[in-house]
Every structure is written in C-alpha cells, then in structure tokens.
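First up is the structure itself, then whatever we jot down about it.
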Amino acid sequence: MNILEEIAASVVAGVQTLYGQETPAEKVALSPTRKEFEGDYTVVVFPYTKAAKKKPADIGEDLGKYIVENSPNINAYNVINGFLNLSVDSSYWTGVLETVAANDNYGQAAPNGKKIMVEYSSPNTNKPLHLGHIRNILLGWSSSMIYQATGYEVIKVQIVNDRGIAICRSMLAWLRFGEGETPESSGMKGDHFVGKYYVKFNTEFVKEYAEWQMTDQAKAVFEEKKKEGQDEAAFFKAYKNDYFNEYSYLGREAKEMLVKWEANDPEVRALWRKMNDWVLGGFDKTYDSLGVTFDKLYFESDTYLLGKELIEKGLEEGVLFKDGKRVWTDLSNIGMQKKTILKSDGTSTYTSQDLGTAQMRYNDYQAEKVVYVVGDEQISHFQGVFEILKRLKEPYADGLYHLAYGMVDLPTGRMKSREGTVVDADDLVAEVIGAAKADAIERGEIVDMPVAEQEDTFRKIGLGALKYFILKVNSKKRMVFNPQESVETQGNTGPYIQYAYVRCSGVARKAPEINMAASTDYNDLQPQEKELILKISQFPAEIANAAKEYDPSILAAFSYDLAKGYNKFYHDINILKSENEAAMAFRLKLSAVVARTLKSSMALLGIEMPARM
C-alpha cells in the first residue's frame, strides 16, 4: 500500500468511525498540497458535511486528529477552510526507498501457479511482415512480459496462416514468372522474395482484367448485371472479385492449385512447402531483429479441418443447427445474426477452425486464459467464437479475450499489400535505427565508443523509439506512425526515457566514494524527491493494472512520467553538490532506484536501455 492508498484508507476509516458514513476509497478527494501551504497531501472534506452535521473546518480537525493518531506515516496536519493538509513523516519516504533498493525484483509478483496463452503475429505466408504486424507483435510480446511479471506462466504462440487462395497466388506467380529464381540467387530475404511474387500476381491480374474489359464478353456482362444508372468504370471497379471467380484465367489456375493442395497433390504440396520455408525463414530474421520469440507455432494447414468434434457436440446439445450440410447458430442474443459454422458444401469456416484450435490448445497447455492479439476488424468474429464456446460449456471459455487493436497508418496514408505499398517491417526497423544513428552522430556524444558498441546503441535507441511510439497508444485507437518523430529525444518518446535512464546511471559514475548507509539519516526531503518515491511505489500497481486492462500503454505512460519526474529532480537539485553526505547518499540511491525501475518498466515493453547516448 503506497501513501496515497494509506491516506485514502485512513479517511474511509475516520469517516466511518466518527460519523458512521461508508465512503468508497476511490471517492476520497486527494491531491498534492499547494506549495503555499504546509503539508504533502490535501483531503477535501466537504463531502462529509451532511453525515457529520458540522462545518468543514471542524470536520478537518476531527479527521486530522484521527489520521495522525491512527496512521503511523502521518505526523502532522493543518486545516484551511474545508481542506485538510497532511504531512508525511520523512521515515516513510526513506523507508520506501530502502525497501525498493534492497529488492532486485521489485515489481515482479511471485508465481501464481496459473497459465496464460498469448497468440500474436499470426501472419500469412504470402508476404513479408509489415507495419500492421509490428503493432500486433509488440502488443503481444509486451502483454506476455506483463503477465509474466504478474506471476503467470506465459505461453507465447502464433498460428501461421499458411494455406488458402492468397498463398496459391504467390505460388502460381512464381511458377509462371519466376524462371527458377530463389531467395539465394536474388539476394532477397525469403519473405520479401515470396511477397514480390504476390504483388506480381496482382500486377498481372490487373493487366488481364483491363484487357478483358475491352472484350465483347465483358460488355455483355456489363449490360446484364449493371445497376440502374451505373457507368462502366464504376461497374468494373466493383466487379473485380466476381471476375476473378468467374472469368479470370489466373483466378481459375489459382483456384485449381488450391483444389490440388487440398487433394494432397505431391507436386503442389512440394512447391507449397518450399515457398513456405522461404517465408518462415524470413519471418524468423524479422522476429530476431525485434527481440521476440514464440514457444509454439500452430499452422492453419494443420488446424483448418479442426472443430468437427465440437460441432457434433453442439448439434447433439441443441447449441448448433443443421440445414443440409450447413451448420449454423443464432447469435441474436449478443446482437449478431446467424453465424455459419460449416458451409453448405460441408467445408470449414474460420469459425469452425477457431473452435477446434481453441480446444486443441487447451488440451496442449490447459491455460486458464488465452489472449488473441488480432486487429479490430475481427471483433464480431471473436465475439461469435467465444459465445459458441460458452454455450458448449467448455472449461476455458470464460478465459478467452480478444485484444483488438486499430489500424496503423503513415503520415502519407493507408497501406495496401496487393499493390506493394505496405511499409515492410524490416525496412521500418532499418529506418528508425538509421534515424537514431544520424541523430546520435550529430550530437557527437558516443563517438569515442568502439564501433560495435556504437552500432548496438543505435539499435537500442532505434528499436526503443519504434516500440515505444507504437505501445504508448492505447491498442483500441487507430494511430499514425511517424518514424522521424519517434526518435526525438524530447517529448513523450522512447529516446527521451532512455536518456533519463542514461542520466540516472551517469550520476553514479561521477559520484565520489561516500558512506551510502547515511541515506537513512536524510530528513529534509524536497518535493521532487517525494514525487519520485511516490511514483516508484506505484510501479507494482501499474503493472497489475496494465495486465487487468490488457493495455501496455499504461506502463508506457508510467515510464514517461517517471523519466519526466527524474529530469525535473536532476534539473532542480544538484546531486553531487548536496548539502551533506546523507543528502548525497539519499539522492544517489534514489537515482539508482529510478534507473532500475525505468529499465524494468521499459523491459515490459520489450525495450532495452543503452549505457550511453
């Protein structure tokens, strides 16, 4: 319990004891005392006038006496009109600092014996990872670290979408236009290489479609299917998908390839494995550069037929219904329409697949919770899947959560995979590291470091900028990522926090040898020092809240506030010219604790701290 929680609890107890009124702790109006008055925190007592039937000043006197007598960390009070100002004993602040300094694992909860699974990334094997994937990956990794810090055993997984028509597009394009080219012969990463052919398919398809629109067949289709008043340009823009399915030569070949894949054709399967291996090898390099790993990979090619047992169970129990081969359920109770589980030809849907995958993963790990990190365009899909599993009374159904996130745009606008206008993840990582390098070279503060250490520092700053800029935004919000803005060393950025950490650490290197035990003798604490200790004391609660809300941005905000508080402290108080040894020892210890807390908090965002900047 930090001092704010202690004061709120004392007010609650005092109002109950003195006036018989129950007051929720969160309703206690509590704020830092204004500088012109004596005290550390101020309680507003006006809300208790009705129960007390006294003037606010008298209530302040009653509560002040009660709190000083019953709270060991409050040593004085004064009342100004309807405001009760409380003074915190210096021993509280020094005690908190000593306790935190002695705990190398401060903020980390003990193991709770429970498991949580976090699914993230889950890319398609027809193109490289891009900026949208980066937001997904960073949210998943940070959430995993946060849950680990709260005591869970965390299982990090992804389901690789390695089958389907999009994969066949890349395969067909390589067969038609690749002329035996490989990632090795082209000097390209495997995922970039396959992604090139995904774009190539679309380019050739667009040409084919444009040529078809000039044919008599196209004109006949237009005349037959056009809407009243619709011109040709609008019609053919909307008709592209229908053309792919009904008339396109490339579309027909891609669909035939998918049919062969599903029939286990050896040649198609061999090509599929080869190209998927290229992509997966490329993904691994990107994950390594971002510093993320997985405990288990699931593949859609293994899971797309799952769910049949659950479907049979649902039919037997009247949870699901059947029309011919089609299986469906009514989700109107959660504001949705009928949801198809199996199609009218009996084939699987993503719903049936996700039902089966949920069952399989529970059998594998028996995790109490599963967090799906998936874009917000899938909100209704997961609402339906979770509702069906609850109706089936699966033991894990109540522990499923969809961590939905908004799209990431660039200052120049939206991205499109088929046109090849996405921001590639590898290019983005290289860009932010390059921007960090240019900025550091311009400042000239680490030019004396060995080249390898400089490059590692540029990497930490660049990745820290990228990760922080994305994770500081609540996942539910759509966001715009600006690479240049992310590497700024001023404002709410990763490099700003990293610089505060370097500043904290640098103080210790410049300090003379003194008796650090003297820190407990320091009594004349300054407001900046109290604010820092209060902020540090809130770290475990901030981690718990980030876990509860599924929101890493809470820890990003905490890190920024702590860094900002330390920079103010550093600017206002001369640490190495303190008034006495006790003050210097206290401030050096405080700097070390701030550094360690910043390092721990940023690590939960997947961000490393450089030694120098």
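Values as computed for the structure displayed
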{"item": "Residue, farthest from Val206 (Cα to Cα), within the range 239-262, restricted to residues that are of a type in the set (A, V, I, L, M, F, W, C) and surrounded by 13 or more Cβ atoms within 10 Å (Cβ to Cβ)", "result": "Trp261"}
{"item": "Candidates Met117, Met1, filtered to the one that is of a type outside the set (D, E, K, R) and modelled with pLDDT under 95", "result": "Met1"}
{"item": "The range 380-403 residues that are in contact (Cβ under 8 Å) with a residue 24 or more places away in the chain and farther than 19 Å from Ile116 by Cα, paired with ones that are part of a helix (DSSP H, G or I) and charged (D, E, K, R) (beta carbon under 7 Å, 6 or more apart)", "result": "Leu392/Lys313"}
{"item": "Any hit, the range 558-576, residues being among the small types (Gly, Ala, Ser), under 29 Å from Asp288 (Cα atoms) and buried (at least 16 other Cβ atoms within 10 Å of the Cβ)", "result": "yes"}
{"item": "Helices (runs of 4 or more DSSP H) fully within the range 1-97 counting 3 or more residues that are among the acidic types (Asp, Glu)", "result": "56-70"}
{"item": "Any chance Ala367 is touching a residue at least 24 places away in the same chain (Cβ under 8 Å), at negative phi and assigned to a strand (DSSP E or B)", "result": "no"}
{"item": "The listed residue being out of contact with any His (no Cβ under 6 Å at 6 or more places or on another chain), outside any helix (DSSP H, G or I) and more than 30 Å from Ser87 (Cα to Cα), out of Asp439, Asp448", "result": "Asp448"}
{"item": "Residue identified as touching a Ser or Thr at 6+ places or on another chain (Cβ under 6 Å) and within 30 Å of Gly132 (Cβ to Cβ) among Val118, Val96", "result": "Val118"}
{"item": "Residues satisfying the stated conditions in the range 49-79, i.e. among the charged types (D, E, K, R) and either surrounded by 21 or more Cβ atoms within 10 Å (Cβ to Cβ) or touching a residue at least 40 places away in the same chain (Cβ under 8 Å) (or both)", "result": "Asp62"}
{"item": "Selected residue (criterion: surrounded by the fewest Cβ atoms within 10 Å (Cβ to Cβ)) from residues of the range 24-48 that are touching a helix residue (DSSP H, G or I) at 6+ places or on another chain (Cβ under 7 Å) and touching a residue at least 24 places away in the same chain (Cβ under 8 Å)", "result": "Phe46"}
{"item": "Test: residue in the range 525-546 that is within 18 Å of Leu97 (Cα to Cα), more than 28 Å from the chain's Cα centre (by Cα) and not in a helix (DSSP H, G or I)", "result": "yes"}
{"item": "Qualifying residue in the range 10-32 (condition: closer than 30 Å to Ala583 by Cα, more than 38 Å from the chain's Cα centre (by Cα) and modelled with pLDDT of 95 or more)", "result": "no"}
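The values are calculated or read from the model by the stated rules, or taken from the named source; none is laboratory data. Quantities reported herein were computed from a predicted structural model and do not represent experimental measurements. As a convention, Cβ positions derive from the backbone with ideal geometry for all residues, glycine included, and neighbour counts pool all protein chains shown.
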